[in-house]
Structures are given as structure tokens and as C-alpha cells.
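First up is the structure itself, then whatever we jot down about it.
A short reminder: the numbers here are calculations on the coordinates, not readings from a lab. What you are looking at is a predicted structure, and each value in this text was computed from that prediction instead of being measured. In this analysis, Cβ positions are derived from the backbone assuming ideal geometry, glycine residues included, and neighbour counts consider all displayed protein chains.
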Amino acid sequence: MTGLGAALRQVRRFNDAITAYTQAADIFRELDDRHGEGATLNNLGNGLQHVRRFNDAITAHTQAASIYRKFGDRHGEGTALNNLGIAQRELRRSRGLLALWRRITRRRDEPARERIRL
């Protein structure tokens with residue numbers, strides 16, 4: 001279903017892509033495939049941004065970032081947080097962007113702090 005969502009988004013059938021991503025996220029959740037769910041939620045958020053449903057996109061990207069964080073997938077988390085920032089910018093949420101920047105900066109600096117403690 002995620003491949004279908006990507007194909008539909010590619011041909012600009014965004015509402016159909018959103019439906020496919022939503023169904024895929026539900027399936028991944030039922031299968032307890034959290035990584036697949038996170039990736040699908042991030043893609044869902046991108047589709048929602050294309051149809052200017054920014055509040056829904058923010059929810060999807062936030063959930064994706066949380067899932068990635070739990071698994072220590074810093075690349076996935078960074079991608080989701082970047083997409084979250086884009087959605088917040090579209091809604092002109094400067095306070096949300098500042099909080100997001102602080103969170104990203106803290107996460108970026110974590111490995112350096114861990115090396116210092118060793």
C-alpha cells in the first residue's frame with residue numbers, strides 16, 4: 001500500500017495517496033511493524049501537505065518522529081522533523097518552529113555529549 005501511495009502521489013492523485021497511506025499505516029500498526037508505520041506516517045504527512053491539510057500533516061509527522069526516536073533511527077527522525085517544520089512554517093507557527101529547532105539541536109548534540117562521558 002505504501003508503494004501504491006507513492007505512485008498515486010507521483011501522478012498528483014493526492015487524496016487517493018492519502019487513503020492508501022492511511023490504510024497502510026493501519027496495516028503496519030496491526031502487524032506491530034512500527035518502523036513501517038513510521039515511514040508510512042511520514043509519507044502520509046507529505047501527502048497531506050500537498051492538499052494543504054497542515055494540521056493533519058503535523059500530527060502525522062509528529063507521530064512518525066516519535067516512532068523513529070523510539071527505535072533510535074536518527075535519519076528517519078530527522079526527516080520527519082524536517083517535514084514537521086515545513087508544515088509548521090506553512091501555518092506560520094514560529095513558536096512551534098523554535099521549539100522544534102531546540103529539539104533537533106539537542107538531538108544533534110547528543111552523540112558529542114555521549115563521547116565526552118566515555
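Worth pointing out:
- Dipole magnitude of region 1-57 about its Cα centre (Cβ charges: Lys, Arg +1; Asp, Glu -1), debye to nearest 20: 400 debye
- Taken over the alpha carbons of region 43-82 as equal point scatterers, the Debye sum produces base-10 log I(q)/I(0) values at 0.26, 0.27, 0.28, 0.34 Å⁻¹ of -0.75, -0.79, -0.83, -1.03.
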